[in-house]
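Report on one structure; see the data block that follows.
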Amino acid sequence: MKRRHRPPNVHPAIWLVSGLKETANGCLEWQRGRTSAGYGQMTWVSGEGTRYTHRLAWEMAKGPIPPGQCVLHSCDNPPCCTPEHLFLGSKAENTADMVEKGRLRVDAAHDAWRSRAACKHGHIYTEATTKWTPGGARVCLVCRRQYDRRRRPPKKVPMPAGAENYG
Ligand SMILES: [Zn+2]
Ligand SMILES: [Zn+2]
């Protein structure tokens, strides 16, 4: 098991480097502990709080971070500590960057969803089985027909004459 706390006699730079793993994209990802947002977090020394590993990596590679500046990821990979993937920005730029990337991801997912070949039940969308809504979404008519059939109320069977007397 990997130690999560840096031993007091180990230099933070050594501890940082020893906790990184390189991905195919050249991201050096921190392995030892992450925040809920995915950022690498180093437990400084037990009892002394924590530091973001990408900020530490920036400081070690390029020097102090000016007050009020954020260290942002060009690779959009929060645990990444590769100095070449990091750049400085304001908090507003950080937010704008996150919104922009989030929006692009949502758009891409939406495009993929809209251009998918089949409905969630696996019916291939063809001209005959597709209905477009005014909003530009597709409705699978195969599913729609099955749904309608299930919703049709069962036929009422008339009671035979005199049946009420047998109860
Ligand atoms: Zn990276
Ligand atoms: Zn369907």
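Hey, in the GNM for the chain with a 10 angstrom Cα cutoff, which one of His11, His121, His110 fluctuates hardest? It is His121. When the charge dipole of region 12-89 is built from unit charges on Cβ atoms (+1 for Lys and Arg, -1 for Asp and Glu) and taken about the Cα centre, the candidate among Pro67, His85, Thr35 whose Cα reaches farthest toward its positive end is Thr35.
Dipole check for the chain: with +1 at the C-beta of Lys and Arg, -1 at the C-beta of Asp and Glu, and the Cα centre as origin, the magnitude is about 1060 Debye. In this simple spin-label model, placing a label point 7 Å from the Cα along the Cα-to-Cβ direction at both His5 and Val106 gives a separation of 4.2 nm.
Region 119-136 and region 50-70 have Cα centres separated by 51 Å. Let me know the shape class of region 12-89, please: from the alpha-carbon gyration tensor, a ≥ b ≥ c as square roots of the eigenvalues, rounded when a/c is under 1.5, otherwise prolate if a/b is greater than b/c, or oblate. Verdict is rounded for region 12-89.
Full extension of the segment from Met60 to Ile124, taken as 0.36 nm per residue of separation minus the current Cα-Cα distance, would add 17.6 nm. Can you say what percent of the DSSP beta bridges in the chain, counting only those with both residues inside, are antiparallel? Round to 5. Of the beta bridges lying entirely in the chain, close to 95 percent run antiparallel.
Which of the trypsin sites (Lys or Arg not before Pro) found in region 67-138 are loop residues per DSSP with 16 or fewer other Cβ atoms within 10 Å of their Cβ?
Numbers: sites: Lys91, Lys101, Arg103, Arg105, Arg114, Arg116, Lys120, Lys131, Arg138; in loops: Arg116, Lys120.
Within region 67-138, the qualifying trypsin sites (Lys or Arg not before Pro) (loop, at most 16 other Cβ atoms within 10 Å) are Arg116, Lys120.
For region 7-100, the set of GluC sites (Glu not before Pro) satisfying both a DSSP loop assignment and a count of at most 11 other C-beta atoms within 10 Å is given as Glu48.
The C-alpha atoms of the chain define a longest principal axis, and helix 53-62 lies at about 40 degrees to it. Cysteines in the chain that lack a partner Cβ within the 4.7 Å cut-off: Cys70, Cys75, Cys81. Placing +1 on each Lys and Arg Cβ and -1 on each Asp and Glu Cβ, with no other charges, gives region 25-111 a dipole about its Cα centre of roughly 260 debye. Considering only Pro134, Pro79, Pro64, the mean-square fluctuation computed in a Gaussian network model of the chain, springs between alpha carbons under 10 angstrom, is largest for Pro134. Between Leu72 and Phe87, Leu88, Gly89, the built amide H atoms are under 5 Å apart, and every one of these is 5 or more places off in sequence or on another chain. When the Gaussian network model of the chain links Cα atoms closer than 10 Å, the mean-square fluctuations of Gly68, Gly135, Gly40 top out at Gly135.
No lab work stands behind these numbers, since they all come straight from the coordinates. Just so we're clear, the structure is a prediction, and the values are computed from it rather than from any experiment. Quick reminder, even Gly has a Cβ in these numbers, built from the backbone with ideal geometry, and neighbours come from all protein chains shown.
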